[in-house]
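In what follows, a single structure is set out as structure tokens and then discussed.
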Amino acid sequence: RLRTAQDPTQTRRGVGFSLERRGFLIPIHPNRHVVPTEVARIVGAASHEEREKRRRDVKSFVVDGDHAPRRARFTQDPGPLAMGLALAAREPGTEVRPTIGTPKSLVQKLSTRFGRDASHVAMLVALSRAIGLWDAGALSHSGPPGSHTMSDLSRALFETWLRGGAWDEARPESEVLRIGLDARDGSPVGVVRELVLEALRELGEDWLPVSALVGFVGSDHRIPGLTRLFRRWADRVGVEAPAPADVAARILKESLPALGIVDLGDDDDHVSLRLTPRGRAIVSRRDAPQDEEKSKFLDTHVLRVGPSAKVAAVLGIAAFVEVGRIGAELDLLVAPQTLARALSAGFEADVLRQRIEAVAPLPESLSRTLEQASVVLGRGTFSAASGFLWVEDANIRELLRGSKYTQELFVDPSPQGGLLVQPGVDTDRLARRCRTVGVEIVSEGAVVRARTVPPPPVAPKSQVTRSSRSDLARVTPPPRAATPPPRKRES
């Protein structure tokens, strides 16, 4: 137990005191001790020997056997797909809030559009958002991810996955971004990831059975402690406690293929995998050979993004390109209609040319198309109006335009054949003013009769008082007396 910051003291009673006196335990903190390496080697000799024997058996089984599968699924670099997803997220009509997870409907839509597995798309979306690839700051060349090249994206995604915080295989729903900020309690899955990578480095680069890898990870001396940690974490977050072996199998079968680290082989009796050349470089923490292939136009409209292209430059042309095929490389469609749409949105032709040439040189045909699309044939002036008054007689038009009673009602100049009515002028006012100069207004086949004085409101019968009746009697003239019938003359 610690009395000061530098002076641990021995306990005064119990088993701890007796073990400390014999040098079997060294106190470093209250209720915390370390076991010397010599003591651990002697006390745990039997368990260590049994564990090492299991690991040797697994290693000999893997090295001596041929585990090449009949069918294999070769993984590709996740960088082009991550960039394609980021470009698709910037399309009009796609809105993702920065504080919540990506909607499942959008993930399913993107997986169907690009022909990829929905779980792989969900993982790459979560990791891309974690590194800021979907944010507006990715357009900056001064810092990551905008300063990354396309070949650097796969390593950035892997490092983000290994660091944790966006994807957690121990949860039933692996995407951590879907969970509230107060419930994002990370599991000990990071230790399992390190164990899996250590097993891949130690067992070699050939085809390996997944069951053998899981058994090799399960023979590690840290597994009992990991089991307790998973159980305590599951009690805190309210989920079922996963076994470290199940988490390791999920990492090998789902996460690493999505990151392009391993290829998967399917047989009837077992599943095998092997490290890809890119995965070997990433797992061994060495720099992968840089591909200096540049971006280029395959034809007039298809732009193939090369590994040396900058992320910020590719995202800068998102407003006037469409995402095409995504495989080992990313293809973008630069068509005349996309350029016309960008020009109508307010982009200048020089800006379009500059942004496209930051990725790849423009072909001659597309350069001419851009020049033709940017030519200004004329200019129009917009004038707001509330209506149009057809007047065929030019003299009547001049009368309405020049009269002091009506000239403020119309837009000057107005097109031939009529007069544009100023905004805010209603039909009643227009009809009343025009009638003062002798012009009638016809609307929907009927003459508009303007009311100069609005009619008085009619009071209910119950509100007519005695005084109002007397006033009404004074105003209302008395009825005429009936004319008497003519008298008959007497003869």
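Details
- Relative contact order (%) - criterion: Cα under 8 Å, at least six apart; region: the chain: 13
- Computed from Cα positions, the angle between helix 118-130 and the longest principal axis of the chain comes to roughly 80 degrees.
- Expressed as a whole percent, the accessible area of the chain that falls on carbon and sulfur atoms is 52 (1.4 Å probe).
- Accessible surface, the chain, averaged per residue in Å² (probe 1.4 Å): 61
- K109 - accessible surface, heavy atoms, 1.4 Å probe, Å² rounded to 10: 130
- Exposure rank, largest accessible area first [R280, R449; 1.4 Å]: R449, R280
- Residues R341, R401, R355, sorted by accessible area with the largest first, give R341, R355, R401 [1.4 Å probe; ligands and nucleic acids excluded].
- H67 accessible area, assembled protein chains, probe 1.4 Å, Å²: 20
- Compared with the dominant principal axis of the Cα atoms in the chain, helix 189-203 is inclined by about 50°.
- Accessible surface of T276, taken over heavy atoms with a 1.4 Å probe and every protein chain present, rounds to 10 Å².
- Over segment 123-251, relative contact order from alpha-carbon pairs under 8 Å, at least 6 apart, %: 21
- Total lysine pairs in the chain at Cα distances under 30 Å, for residues eight or more apart or on different chains: 9.
- Rounded tilt (10° steps) of 153-163 against the dominant C-alpha axis of the chain: 70
The values are calculated or read from the model by the stated rules, or taken from the named source; none is laboratory data. Fair warning: this is a prediction, and the values are worked out from it, not measured in the lab. SASA here: full protein model, heavy atoms, side chains in, ligands and nucleic acids out. Shrake-Rupley method; radii C 1.70, N 1.55, O 1.52, S 1.80 Å.
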